[in-house]
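To start, the structure itself, in structure tokens.
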């Protein structure tokens, strides 16, 4: 008893003793997670995603050399590529952003299997919330309702005048952008800007007000297609309680303390593959491959395929319109092809 007291108090173990780890599930592997999901299920799932979830849709990394952001830098003599997303620079010279917006604007791409898997979680009544760093709105196109969405850096779905705050919808803004006209407010002649978070602007209030309640009962956090480098988005992973399983589906092994020292300092790092791991699991590969593997393990393949097929057919039938969820209503925005 005395020996046990000192061992527990001072974390002392003999050379031939292995410290016990209180794992949330018996096997912290993808297979072990799948077995637990099949047998016991999850009731409050949160998903958080980055650009990697949209790669298979054909959306390139607009920060890469040769893509619009860098060509705009040269053409418009910007001090650095990200100056396009600086709110002060935007107010002085909005043209570079709106030229880039043609390449980024929703409508040219369709949701991926990963987007539809998130929709499937919602259909099954287990999706607590979906947090995204993306502005492509593919979650909306996949049919995820707005009340389930936290768009951490905003989207093109709504637009406001920087001066009088007049609201403009997506159809109005798209018409301005693709006719090469600056979006000028019809009320006060001020500049209208999409509700995308620029450098120097605060993230949406919803991003800060939702996590406390969302993560309170979260039993599975699925992290997909993100480097976990951008703050404060990356810090969401530490909101999950100690008994919440954290599943990473990503091409690269991210989130570890060795890659992000700030995580180790705050006890927030993902611990998959380490002996002290109690709840983290990783699937290292493409996001689509990860969700298909999950669907197969859970017996959801047919449901996911049906959701994808129906979604693609609906988008094809409505190819002249984007249908997006806006509050309790459906907003239809005409999306004539940018090539016209």
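Report the label-to-label distance for residue 147 and residue 103 in nanometres (one decimal), using points 7 Å from each Cα along the Cα→Cβ vector. Each label point lies 7 Å from its Cα, and together they span 3.9 nm.
Segment residue 306..residue 166, full-extension length gain: 46.4 nm, with 0.36 nm per residue of separation and the alpha-carbon distance subtracted. Gyration tensor analysis over the Cα atoms of region 129-244 returns equivalent ellipsoid semi-axes of 32, 14, 12 Å (largest first, whole Å). Arranged from fewest to most other beta-carbon atoms within 10 Å of their beta carbon, 176, 23 become 23, 176. Overall, the anisotropy analysis places region 81-138 in the prolate class: the square-rooted eigenvalues a ≥ b ≥ c of its C-alpha gyration tensor yield a/c not less than 1.5, with a/b exceeding b/c. Here the label points at residue 126 and residue 297, each 7 Å from Cα along the C-beta direction, are separated by 1.1 nm in the simple model.
Taken together, the values in this text are just the output of simple stated rules run on the coordinates, not laboratory data. Bear in mind that the values here come from a model prediction, so they are computed numbers and not experimental data. No Cβ is skipped: glycine too gets one built from the backbone with ideal geometry, and neighbour counts run over all protein chains shown.
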